[in-house]
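Structure, as structure tokens:
The values are calculated or read from the model by the stated rules, or taken from the named source; none is laboratory data. Bear in mind the structure is a predicted one, so any value in this text is a computation, not a measurement. Methodologically, a virtual Cβ is constructed for each residue, glycine included, from the backbone with ideal geometry; neighbour enumeration extends over all protein chains shown.
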Amino acid sequence: MAFGNLKFDTLTTSDSKNTSTEKSLDTSFLLNGSAKCWAKVNQDTPAYRDSFNTSSLVDDSTGNYEVHMSSTFSSIDAYVVAISAQAEASNNDNTQYQSLDNSTTAMCHVFTYENGSNRDIRNSDVIIQGTLA
Amino acid sequence: MIKTPEFQGTHLWERLHWAKDNLDKVQSDIRVVYEDPEDMDSPAKILVPDPNWMACALQGGILPPVEVYWELAKDEAQPDFEKHTRGYLLHNTKPIEAMTEEQAIEYLIQKDIPQRVWRTWDEGNKPKMIICRTHQLPEHRQWRNAWQITDDIELAA
């Protein structure tokens, strides 16, 4: 069975299971609130595990890479980046993450650290939220 | 092969959603190694193509011409830039046709590597940029921060 497109501007729920008070949500909130770009990167290789809305990654050096986007953001202030990383499953050391140095509307610069030193991370995840151009 | 819908005028982000749902990832073993003349103290950088993006490039009808990114980069380089006002170029410009893997890599070079590198890649004492296969890179990253393009590299014809 083939499915078609469902176009609507507002979602409304009776919320009968919780408050029984009707609530409405503009579907623009769903679009604006979804991640616009994400990547799972293995810096050891380096290689993509998976991604959405990126064109390439550039391995700059140890613990330092760039994520280049396909659909760019409207401004450097129009997006935020969330990064998580774990060097290896048993590692509970102080691993820190930073980003947004020298970034542009089409490129996010990611740094990964461990105990103050740059470190390549096998599971480095980047999620970018914001407003696209 | 699945047919690409008519995407001109559709937001690029929505096209990428379609591609994610409908196209298989294409893993390329091509890598681009380059050195930035404005950052000569840093080690060589390595560009890795996104397999989802590569699928879009080989499919055709999804990605905008690379010149669109140059136009947006020009806007962003202006001192009074606040936000993009010509984002429509990404969505309204006629998408490019299907590329070969080699053409897709050339597109990526022109999109994601600084122009100061690829426009003059073969000027100077040694090449600033090399296209290679993954097996031609060092096998481990122990000395990653010392990687450079060698002075005596032999280029294929």
For B:GLN110, state whether it is within 28 Å of B:ARG15 (Cβ to Cβ), surrounded by 11 or more Cβ atoms within 10 Å (Cβ to Cβ), away from chain A (no Cβ under 13 Å) and not aliphatic (A, V, I, L, M). no
Pairing a residue in the stretch B:80-104 that is within 13 Å of chain A (Cβ to nearest Cβ) and of a type outside the set (Ser, Thr, Tyr) with any residue that is surrounded by fewer than 13 Cβ atoms within 10 Å (Cβ to Cβ) and in a loop (DSSP other than H, G, I, E, B), where Cβ atoms lie under 6 Å and the two sit 6 or more apart in sequence or on different chains, gives B:ASN92/B:GLY9
Here the residues within the stretch B:113-129 that are out of contact with any helix residue (DSSP H, G or I) (no Cβ under 6 Å at 6 or more places or on another chain), surrounded by fewer than 20 Cβ atoms within 10 Å (Cβ to Cβ) and of a type in the set (A, V, I, L, M, F, W, C) are B:VAL117, B:TRP121
Filtered residue count, the stretch A:44-61, keeping only those that are within 7 Å of another protein chain (Cβ to nearest Cβ) and part of a strand (DSSP E or B): 12
Name every residue in the stretch B:29-74 that is in contact with a Pro (Cβ under 7 Å, 6 or more places away or on another chain) and at the interface with chain A (Cβ under 10 Å from one of its Cβ atoms), in order of residue number. B:ASP36, B:VAL48, B:ILE62, B:LEU63, B:PRO64
Of the conditions (1) more than 8 Å from chain B (Cβ to nearest Cβ); (2) part of a loop (DSSP other than H, G, I, E, B); (3) of a type outside the set (Val, Ile, Thr), the single one that A:LEU25 does not satisfy is (2)
Does the stretch B:147-155 contain at least one residue that is aliphatic (A, V, I, L, M), more than 19 Å from the chain's Cα centre (by Cα), exposed (fewer than 11 other Cβ atoms within 10 Å of the Cβ) and assigned to a loop (DSSP other than H, G, I, E, B)? yes
Return the pairs, sorted by first residue and then second, in which the second residue is in a loop (DSSP other than H, G, I, E, B) and among the hydrophobic types (A, V, I, L, M, F, W, C), the first residue lies in the stretch B:125-152 and is within 11 Å of chain A (Cβ to nearest Cβ), the beta carbons are less than 7 Å apart, and the residues are 6+ apart or on different chains. B:TRP147/B:ALA44
Taking the condition of being modelled with pLDDT under 95 and either of a type in the set (D, E, K, R) or buried (at least 21 other Cβ atoms within 10 Å of the Cβ) (or both), how many residues in the stretch B:40-79 meet it? 1
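Checking the conditions here, which among B:LEU155, B:LEU58, B:LEU72, B:LEU137 is more than 30 Å from A:GLY63 (Cα to Cα) and of a type in the set (A, V, I, L, M)?
B:LEU58
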Tell me the residue from A:ASP44, A:ASP15 that is more than 18 Å from A:MET69 (Cα to Cα) and at pLDDT 85 or above, please. A:ASP44
